[in-house]
Amino acid sequence: MKAFVYVVHVGGGWSAQMTIAPEVDRLFWMEEGLAEAVRLVDSRYGGMRNKDKAPNEAVEMRLKGERAEEGWLWEEALPLGDAIRCVELWECGAGSGVLRGSSGAGSGGGPLASLAACVEQARREAGAPMQGPSPQAAGDASLRARRWARAAADAGGSSPGTARAAARAREALAAAAQQAAAALQGRALLRSEAHALQGGAAADMGGALQLAQLLGWLRLAGAVAAEHGRRRRECRCRRCGSGEAHMHRTPCAACGRMCAYCSACLTMGRSRECELLVLGMPAPLLEADGSIPADLHKWQLSPAQAAATESALQFIEAPTLPYQPHQNKEFLLWAVTGAGKTEMIFPLVESVLSRGGRALIATPRRDVVIELDPRIRRAFPQARVVTLYGGSEQRWEAGDITLATTHQLMRFHQAFDLVIIDELDAFPYHGDPILHYAADKSRAPHAPKLLLSATPPTELQRRVKSGQLPHARVPVRYHRHPLPVPVLLRTPSVAKLLQTRKIPRALLAALSHSLNRGAQLFIFVQRISQVEPMAKLLSVLLKQSAVEGTSSQDPDRADKVSRFRKSDIRVLVTTTILERGVTIPRSDVYILDADGRLFDEASLVQMAGRAGRSGDDPNGFVYFCGRERTGAQAAAVSQIRGMNRIARKRGYLLPEEQANSWRWSKLFKRSN
């Protein structure tokens, strides 16, 4: 994409602008109509002015009635990145050897010479030679620019019919700019996506976006551009935040040079140096009412859920302090597996909606988003709910509540008044700085971010212990029974079991006991290649035909999981692909090779969390099977026992479970 740069004289000074409007002859007409357009929009459409992101000083002067007297347009279309850099150079004074208040053209000084110097400097930084002789070297920069003057325009006059037509055209453009700004609020979209969002509503989309930017309603930027204060060739993607490590440069037919594009977010559309990124206005500041709803019981929360939810409500409804660091608006809801985290966020979403805000619930996994959709719609029947994932039909819709995979957050910019990240420790969100960047970019400057996890990453746990991260713990499940504490069974490796075709007597007895009590069995192994052989071995040794194996490479995985939920499958051998999201009312868990390096503390806790989730069978069994006890196993057991201890201390367990939990804890200590 290419753009034009120009400078305009108003209020005794010169200002540089960049335009993407395809009809260059209308450029200064748009400038003249600024004051009229903003009055029209404010009166007819309720106003779109954003006090936090006001236009630049020269535009502000024109909005107050000062008239632009003259201007210079650089007639050569420049690559978008060069045009944006020209404006930056003008604003910081780089490449300019003249006073901004001076007038005139030519190589001796004046605004045109400064503009020519900025163009040449931008090209030099981009590594592209000037096309043709340098204007300054040629002795007259006016050969490459066109001058506009009010005096000459006023002298020509205009007929009443022409004036009325111009007024109608300005009114249509102002309405299109208002419509585009409203639709793009909180968005970060490439040019093609912005056009798709509008659905062709404005014939002159370029002019509408340009006018909206001049009025301060949105911002136009290069999708890939140099970071502030860095060399031009050190680019960063403004959509996903990736740096030079993810930049690739290829010959570009659009700008005619070697153009950088970002490979990190390529699946979301090509973000490149000559592509336009449209950034909408942020969400307006929400008023904090400071009151905690008294009837949390309407959401039927348990005592532990209610206490944690009340703490989170106090946090998100607290007034935002001036200059408060963005990262300090984070709150961790540390809830055990099966605690009912979804139900706990309902009052938080209700609080934001009641104040006129928008809420985002994001999770790394598409299947979780799809599963949440009907639950959110039932809880908030009056709210507009938008669900976003790859292939979603609601891609361009705006809602009061947005459910999305974390990848979809790249298309938002300061849009939401509450951002909730569920399963933050899950793949692919955990350890991916791009998705963390997208999550932070999607929340408004004042908005809190709520983090949900049963197994927070080590860094978050460290911040909790040091008091740097506000948090609330939910140490017990909704049915108020203690978490099953894993038991260590010493067994050979899975490879050895498959080689000998035998299972130790203690493990075989435990498996038989689980089947005899009517439980379904999760059998976790580390490697995909071990799934099917182990399933066949267990089928023979347990004399069970309802034994299956599945993994991420199994095309029938969805069908097998469905059959497992229906109890058609009694024993399911799997990998960590099923450590989350699958709830079986009566189940026991066996983790083979639990001492392997692929099973860390978080994965062990998550797998153990498949047992005891139902109130009808809260005391399921969990077995860590391996040759030795590792630090990960000890940490997982310590975390589970710690949660039970907190639940018992705070009185969250059912009365009959208080003593049972204490006796089980003592028994576990003796056995280990």
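So, Leu418, is that one under 18 Å from the mean Cα position of the chain (by Cα) and within 26 Å of Pro475 (Cβ to Cβ) or not? Let's see the steps before the verdict.
Values: under 18 Å from the mean Cα position of the chain (by Cα): yes; within 26 Å of Pro475 (Cβ to Cβ): yes.
Here the answer is yes, as Leu418 does meet what is asked.
Each row is one residue, and each column tells you yes or no for (1) open to solvent by less than 10 Å² (accessible area, probe 1.4 Å); (2) more than 30 Å from Gly642 (Cα to Cα); (3) under 15 Å from the mean Cα position of the chain (by Cα).
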site	(1), (2), (3)
Arg365	no, no, yes
Glu371	no, yes, no
Pro381	no, yes, no
Gly390	no, yes, yes
Thr406	yes, yes, yes
Glu423	no, no, yes
Pro433	no, yes, yes
Ala444	yes, yes, yes
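Among the residues of region 343-392, which ones are more than 30 Å from Glu579 (Cβ to Cβ) and part of a loop (DSSP other than H, G, I, E, B)? Quick ask: steps written out before the conclusion?
Going residue by residue through region 343-392, those that are more than 30 Å from Glu579 (Cβ to Cβ) are 350-358, 381-384.
Arg355, Gly356, Gly357, Arg358, Pro381, Gln382, Ala383, Arg384, listed by residue number.
Residues being of a type in the set (S, T, N, Q), over 23 Å from Arg365 (Cβ atoms) and surrounded by fewer than 18 Cβ atoms within 10 Å (Cβ to Cβ) are entirely absent from region 452-462. Search region 600-618 for residues being part of a loop (DSSP other than H, G, I, E, B) and open to solvent by 10 Å² or more (accessible area, probe 1.4 Å), and hand back the single one that is nearest to Asp367 (Cα to Cα). That would be Arg613.
From the residues in region 555-588 that are open to solvent by 30 Å² or more (accessible area, probe 1.4 Å) and touching a helix residue (DSSP H, G or I) at 6+ places or on another chain (Cβ under 7 Å), which one is nearest to Tyr478 (Cα to Cα)?
Gly581
Can you tell me which residue is farthest from Gln408 (Cα to Cα) among those in region 377-388 that are among the aliphatic types (A, V, I, L, M) and touching a helix residue (DSSP H, G or I) at 6+ places or on another chain (Cβ under 8 Å)?
Ala379
Look at region 468-482: where a residue is touching a residue at least 12 places away in the same chain (Cβ under 8 Å) and surrounded by fewer than 24 Cβ atoms within 10 Å (Cβ to Cβ) and a partner is assigned to a loop (DSSP other than H, G, I, E, B) and among the aliphatic types (A, V, I, L, M), sitting 6+ places away or on another chain with Cβ atoms under 6 Å, you get Arg480/Leu653; Arg480/Leu654.
Within the group Ser562, Ser493, which residue is of a type in the set (Ser, Thr, Tyr), at negative phi and within 31 Å of the chain's Cα centre (by Cα)?
Numbers: Ser493 fails: within 31 Å of the chain's Cα centre (by Cα).
None of the others qualify; the one that does is Ser562.
Just one of (1) open to solvent by 30 Å² or more (accessible area, probe 1.4 Å); (2) part of a loop (DSSP other than H, G, I, E, B); (3) touching a strand residue (DSSP E or B) at 6+ places or on another chain (Cβ under 7 Å) fails for Glu548. It is (2). With respect to the stated conditions, Val573 is touching a Leu at 6+ places or on another chain (Cβ under 9 Å) and of a type outside the set (Phe, Trp, Tyr). Filtered by the rule that a residue be modelled with pLDDT of 90 or more, farther than 20 Å from Ile420 by Cα and open to solvent by less than 40 Å² (accessible area, probe 1.4 Å), region 280-323 gives Gly280, Ser302. Do we find that Ala151 is touching a helix residue (DSSP H, G or I) at 6+ places or on another chain (Cβ under 7 Å), more than 30 Å from Cys252 (Cα to Cα) and at pLDDT 60 or above in this structure? In short, no. Scanning for something under 30 Å from Met643 (Cβ atoms) and touching a residue at least 40 places away in the same chain (Cβ under 8 Å), does region 500-510 turn up at least one residue? Yes; the residues of region 500-510 include at least one that is under 30 Å from Met643 (Cβ atoms) and touching a residue at least 40 places away in the same chain (Cβ under 8 Å).
The set of residues in region 519-545 being open to solvent by 40 Å² or more (accessible area, probe 1.4 Å) and either closer than 20 Å to Gly612 by Cβ or not in a loop (DSSP other than H, G, I, E, B) (or both) consists of Ile528, Ser529, Glu532, Pro533, Lys536, Val540, Leu541. Outside any loop (DSSP other than H, G, I, E, B), touching a residue at least 60 places away in the same chain (Cβ under 8 Å) and under 30 Å from the mean Cα position of the chain (by Cα) - does that describe any residue in region 641-656? Scanning region 641-656 turns up no residue that is outside any loop (DSSP other than H, G, I, E, B), touching a residue at least 60 places away in the same chain (Cβ under 8 Å) and under 30 Å from the mean Cα position of the chain (by Cα). For first residues located in region 602-630 and more than 13 Å from Phe522 (Cα to Cα) and without any contact (Cβ under 8 Å) to a residue 40 or more places away in the chain, partners that are open to solvent by less than 10 Å² (accessible area, probe 1.4 Å) and assigned to a helix (DSSP H, G or I) and lie 6+ apart or on another chain with Cβ distances below 7 Å do not occur.
The values are calculated or read from the model by the stated rules, or taken from the named source; none is laboratory data. The structure displayed is predicted, hence computed values, not measured ones. Ideal geometry is used to build each Cβ from the backbone, glycine not excepted, and the neighbour counts take in all protein chains shown. Just the protein is used for accessible areas: all its heavy atoms, side chains included, with ligands, DNA and RNA removed. Shrake-Rupley method; radii C 1.70, N 1.55, O 1.52, S 1.80 Å.
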